[in-house]
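Participant: Sharing a structure here in structure tokens format.
The values are calculated or read from the model by the stated rules, or taken from the named source; none is laboratory data. Everything numeric in this text was worked out from a predicted model, so none of it was measured. Here the Cβ positions follow ideal geometry from the backbone for every residue, glycine too, while neighbour counts run over all protein chains shown.
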Ligand SMILES: Cc1cc2nc3c(=O)[nH]c(=O)nc-3n(C[C@H](O)[C@H](O)[C@H](O)COP(=O)(O)OP(=O)(O)OC[C@H]3O[C@@H](n4cnc5c(N)ncnc54)[C@H](O)[C@@H]3O)c2cc1C
Ligand code: SF4
Ligand code: FES
């Protein structure tokens, strides 16, 4: 198939950016979206133009490194990551716009690459269980009821890609944060730090410049891992309990 | 074997032989007591002194992330580096199947000794007994540690942990978190690491790539890195350096590794004096989704658990290869693994399943699209399983894998048989380390897939995750202290000759890559190298092919340094420049892999030499000649892309606890 691509180009963090139009021909529908961009980059390189910068690593939908706004949708039209989106989801002659995640807390580094360091800092604020190496009791010392273990797992599937933030009209990271809070709150090991964790993470979230949650639900719709919106309710419940002391 | 093939590599002037490796520094005494002894003998560092000791860790995968968190907790001053934008994205995240541990929770006769034995046998008797025993010994602690961190392993209704069994063993010792075990373990290590970052014991540098090792006065003392965002070249000093930089399977261009996985950190250390051990030992995984066309950028693995219920076949007649498989009658199908290996059938080890798939495709009986000049695929058919168990049961077991397959291929595996083909997956080779995980450069330690230590010539499923975490949480923190106790070492000045040399080299190399402005893209070189490696140093290797490959690689490397085109500048994010540096190192590694494969005139594990097989085409080891680790020393070559004849040092493998046997799966 032949496609027209309108792609955000921006030379660096302090440079202005613009949409630039490119054409690609003979794209196979078995290609992934990023392989299509690889083809375009080879063409640009051959013409002496600098290739388009975009992030990816695993290309299997698990590392969370990739992430593009494709024709206005985070990770494009399917419920998956950008790297697992295939060209058979598009049609011949289509015009596709490609932009980076847009959020104050995710500044653009170059072209389609953004800085998601804010997510690491939210985890640093409390997204862990304090368990020094070597101090652990036998793994069977504390059984975990299967429903709790399963819900913890579902929440822990978050890959930290940032699509929820990009999709949210408020650029809120509540789904990302709710996922971590829920993962740890469901487990007995997570109880001792439960209250302190949520307060400190929410503080950091606001400090980073993410917006507040107004229950739009676009986050969960865009999430490639299907993190359910109710993790945000868990977060709010934990936060209320913690603030009540 | 005839005399003409003996020392083919030496005869062609491709390598020379040096002194054997004298000592691996394992303590004396019975195998079960060695680790306790070593922990006792290793010097302690007073907690008050730890803050004065700087440790650099390159890599935030299971091996690096766990080590950084643990050394930070212990109070050392740690700096940790990765090239991704967050430590959580290291390639370990992609591991699916599970992690082994000798917990014996199922009371099915598992034990430290059995895990040790299975790992040595699985490695085709080419691993070091002492290290493998220790791995088995600490495995149980890993599970405890991970559970304490909140890793959500699969559980049974009673709330206890579930286990499954995994390729080539008879006990249930694999712990898992659905198909995302690597992700959950890495998130556990990442969170422990971020906790230390918050506590300021660890400083993390993301989007930073190590490009040189600083070796001063015979010790590893620091690294030179490029800040991938600003392009700035930085020098970081330390009292010890740990490489946990992962495997180099991407030398084949197409592999199941992440796009950025590379050999640069290890290769730069190799050029500075660290020996590279068994570089040709590569694991090729049988159940990957086949290549669909020339544009392909990477391959996707599907868990080998699929082989428990799927049946592997190809048409008996070449004429049937492009037919709808459902129209091919039973009598015209060749279930070749069941035919050749009646007792193990579809469950033979990875190396055997892969090689037989290659054989039937080479015969012209492969299926799926023609890629290159033939069809590269075999069927993995669930029709019988669906008839026997019902579609729902198959979906419950393999649903996520079927979905992934459907997403990538656009075909529905519940109706049409899946197509699979082997792909490069893991490298057993890596930097040589002693019992303490220290390389041949004092103060340089190597952990995880980057070292060669535990898997011999073939790795068992679910054992890489075990090794990464064993190294990082339990082994390295106990052995590195013996070295650090000698520090802190004298501070180095920026104009120390060793520092200036390393920095200058990085600056010149970066400048040169940008100046060449040739005709060909970095990817085109990488792809061509990958084709050479796959063709001649892949699933089957021969003297003739390897000699040819060495010539081709040399030619390609020479062309690279003359004709590569890297656009853009060095002072911003420049992904072509990053790739160019990695491919330049792969072009050197590839040659060493071929020399190693050429010199090892036996078949063992993942290394199959056409000249060394039994009458019915099975791998044939030669313990009389090759019962050793091949540790290669870089012998010089100053300019970019220059390397002179490597020197082989042999570490003899001694089997005291386990008896050597030829593997048989018939
Ligand atoms: C698809 C797939 C599935 C797998 N499934 C399993 C499984 O089920 N069970 C199992 O046991 N094993 C499995 N494996 C193997 C296992 O995942 C890996 O061997 C293991 O995770 C490697 O961990 P590591 O910490 O050594 O390296 P990695 O996780 O590869 O980490 C390397 C780190 O080094 C950094 N780095 C590298 N070079 C540089 C540099 N020059 N400068 C700065 N940083 C650098 C990277 O940024 C990264 O942080 C699988 C592998 C693949 C590919
Ligand atoms: S919650 Fe979903 S969309 Fe948000 S970071 Fe996690 S995986 Fe991505
Ligand atoms: S590249 Fe890893 S999730 Fe897309």
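Participant: For the list (1) facing another protein chain (nearest Cβ under 9 Å); (2) buried (at least 24 other Cβ atoms within 10 Å of the Cβ); (3) out of contact with any helix residue (DSSP H, G or I) (no Cβ under 6 Å at 6 or more places or on another chain), I need the number of the one condition that residue B:190 fails.
Facilitator: Of everything listed in (1) facing another protein chain (nearest Cβ under 9 Å); (2) buried (at least 24 other Cβ atoms within 10 Å of the Cβ); (3) out of contact with any helix residue (DSSP H, G or I) (no Cβ under 6 Å at 6 or more places or on another chain), residue B:190 misses just condition (3).
Participant: A further question on this structure: Is it the case that some residue within region A:4-22 is assigned to a helix (DSSP H, G or I), at the interface with chain B (Cβ under 9 Å from one of its Cβ atoms) and under 24 Å from the mean Cα position of the chain (by Cα)?
Facilitator: Checked against the condition, which is being assigned to a helix (DSSP H, G or I), at the interface with chain B (Cβ under 9 Å from one of its Cβ atoms) and under 24 Å from the mean Cα position of the chain (by Cα), region A:4-22 yields no hits at all.
Participant: Here's something else I'd like to know. Could you list, in sequence order, the residues of region A:27-39 that are out of contact with any helix residue (DSSP H, G or I) (no Cβ under 9 Å at 6 or more places or on another chain) and either touching a residue at least 60 places away in the same chain (Cβ under 8 Å) or more than 7 Å from every other protein chain (Cβ to nearest Cβ) (or both)?
Facilitator: Residue satisfying the conditions is A:37 alone.
Participant: Test residue A:123 against the stated conditions and say whether it is crowded, with 24+ Cβ neighbours inside 10 Å, in a loop (DSSP other than H, G, I, E, B), in contact with a helix residue (DSSP H, G or I) (Cβ under 8 Å, 6 or more places away or on another chain) and at the interface with chain B (Cβ under 7 Å from one of its Cβ atoms).
Facilitator: Judged against the criteria, residue A:123 is not a match.
Participant: Provide a single number: the residues in region A:38-68 that are within 16 Å of ligand 2 (Cβ to nearest atom) and under 16 Å from residue B:520 (Cβ atoms).
Facilitator: Count: 0.
Participant: Does residue B:99 count as in contact (Cβ under 8 Å) with a residue 24 or more places away in the chain, touching a strand residue (DSSP E or B) at 6+ places or on another chain (Cβ under 6 Å) and either closer than 23 Å to residue A:135 by Cβ or within 16 Å of ligand 3 (Cβ to nearest atom) (or both)?
Facilitator: Spelling it out, residue B:99 is indeed in contact (Cβ under 8 Å) with a residue 24 or more places away in the chain, touching a strand residue (DSSP E or B) at 6+ places or on another chain (Cβ under 6 Å) and either closer than 23 Å to residue A:135 by Cβ or within 16 Å of ligand 3 (Cβ to nearest atom) (or both).
Participant: Can you pull out the residues in region A:66-78 that are within 14 Å of ligand 3 (Cβ to nearest atom) and touching a residue at least 60 places away in the same chain (Cβ under 8 Å)?
Facilitator: A:66, A:67, A:74, A:75, listed by residue number.
Participant: Right, something else. Let me confirm something: among A:224, A:169, which residue is assigned to a loop (DSSP other than H, G, I, E, B), in contact with a helix residue (DSSP H, G or I) (Cβ under 8 Å, 6 or more places away or on another chain) and surrounded by 24 or more Cβ atoms within 10 Å (Cβ to Cβ)?
Facilitator: Only one candidate passes the filter, namely A:224.
Participant: Under 30 Å from residue B:432 (Cα atoms) and surrounded by fewer than 23 Cβ atoms within 10 Å (Cβ to Cβ) - does that describe any residue in region B:247-254?
Facilitator: Yes, there is a match, as at least one residue in region B:247-254 is under 30 Å from residue B:432 (Cα atoms) and surrounded by fewer than 23 Cβ atoms within 10 Å (Cβ to Cβ).
Participant: Return yes or no: is residue B:401 assigned to a strand (DSSP E or B), under 14 Å from residue B:308 (Cα atoms) and assigned by TED's automatic domain parsing to the domain that holds residue B:338?
Facilitator: no
Participant: Looking for something touching a helix residue (DSSP H, G or I) at 6+ places or on another chain (Cβ under 9 Å), away from every other protein chain (no Cβ under 14 Å), away from ligand 1 (no atom under 16 Å from the Cβ) and touching a residue at least 40 places away in the same chain (Cβ under 8 Å) - is there at least one such residue anywhere in region A:176-185?
Facilitator: Scanning region A:176-185 turns up at least one residue that is touching a helix residue (DSSP H, G or I) at 6+ places or on another chain (Cβ under 9 Å), away from every other protein chain (no Cβ under 14 Å), away from ligand 1 (no atom under 16 Å from the Cβ) and touching a residue at least 40 places away in the same chain (Cβ under 8 Å).
Participant: Could you say which residue among B:70, B:112 is within 12 Å of chain A (Cβ to nearest Cβ), under 26 Å from the mean Cα position of the chain (by Cα) and more than 16 Å from ligand 3 (Cβ to nearest atom)?
Facilitator: Of B:70, B:112, the one residue that is within 12 Å of chain A (Cβ to nearest Cβ), under 26 Å from the mean Cα position of the chain (by Cα) and more than 16 Å from ligand 3 (Cβ to nearest atom) is B:70.
Participant: Residue check, residue B:254 against (1) out of contact with any helix residue (DSSP H, G or I) (no Cβ under 8 Å at 6 or more places or on another chain); (2) within 14 Å of chain A (Cβ to nearest Cβ); (3) more than 8 Å from ligand 1 (Cβ to nearest atom), all met but one. Which one?
Facilitator: Among (1) out of contact with any helix residue (DSSP H, G or I) (no Cβ under 8 Å at 6 or more places or on another chain); (2) within 14 Å of chain A (Cβ to nearest Cβ); (3) more than 8 Å from ligand 1 (Cβ to nearest atom), residue B:254 violates only (1).
Participant: Sticking with this structure for a sec: Would region B:358-369 turn up any residue that is surrounded by 15 or more Cβ atoms within 10 Å (Cβ to Cβ), under 13 Å from residue B:307 (Cβ atoms), out of contact with any helix residue (DSSP H, G or I) (no Cβ under 7 Å at 6 or more places or on another chain) and not assigned by TED's automatic domain parsing to the domain that holds residue B:609?
Facilitator: For region B:358-369, residues surrounded by 15 or more Cβ atoms within 10 Å (Cβ to Cβ), under 13 Å from residue B:307 (Cβ atoms), out of contact with any helix residue (DSSP H, G or I) (no Cβ under 7 Å at 6 or more places or on another chain) and not assigned by TED's automatic domain parsing to the domain that holds residue B:609: absent.
Participant: For region B:492-510, state whether one or more residues are closer than 27 Å to residue B:259 by Cα, more than 14 Å from every other protein chain (Cβ to nearest Cβ) and out of contact with any strand residue (DSSP E or B) (no Cβ under 8 Å at 6 or more places or on another chain).
Facilitator: Scanning region B:492-510, I find at least one residue that is closer than 27 Å to residue B:259 by Cα, more than 14 Å from every other protein chain (Cβ to nearest Cβ) and out of contact with any strand residue (DSSP E or B) (no Cβ under 8 Å at 6 or more places or on another chain), so the answer is yes.
Participant: Turning to a different aspect of this structure: Would you confirm, using the coordinates I've provided, whether residue A:161 is crowded, with 22+ Cβ neighbours inside 10 Å and within 11 Å of chain B (Cβ to nearest Cβ)?
Facilitator: Yes; evaluated as a whole, the condition is true for this residue.
Participant: Moving to a separate point now. Can you name the helices (runs of 4 or more DSSP H) wholly within region B:1-119 that have at least 1 residues being buried (at least 17 other Cβ atoms within 10 Å of the Cβ) and modelled with pLDDT of 95 or more?
Facilitator: Output list reads B:34-41, B:47-50, B:62-74.
Participant: Here is a list: B:299, B:211, B:243. Which entry is over 26 Å from residue B:574 (Cβ atoms) and in contact with a strand residue (DSSP E or B) (Cβ under 8 Å, 6 or more places away or on another chain)?
Facilitator: Every option except B:299 fails the conditions.
Participant: Considering only residues that are free of Cβ contacts under 8 Å to residues at least 60 places away in the same chain and surrounded by fewer than 22 Cβ atoms within 10 Å (Cβ to Cβ), look in region B:273-317 and name the one that is farthest from residue B:651 (Cα to Cα).
Facilitator: The selected residue is B:317.
Participant: Could I ask something else about it? Is it the case, given these coordinates, that residue A:148 is more than 12 Å from ligand 2 (Cβ to nearest atom), in a helix (DSSP H, G or I) and within 10 Å of chain B (Cβ to nearest Cβ)?
Facilitator: It is true that residue A:148 is more than 12 Å from ligand 2 (Cβ to nearest atom), in a helix (DSSP H, G or I) and within 10 Å of chain B (Cβ to nearest Cβ).
Participant: On the basis of being modelled with pLDDT of 95 or more, assigned to a loop (DSSP other than H, G, I, E, B) and more than 8 Å from every other protein chain (Cβ to nearest Cβ), does residue B:126 make the cut?
Facilitator: yes
Participant: Here are A:163, A:131, A:118, A:173: which of them is touching a residue at least 40 places away in the same chain (Cβ under 8 Å), within 25 Å of residue B:182 (Cβ to Cβ) and over 19 Å from the mean Cα position of the chain (by Cα)?
Facilitator: A:131
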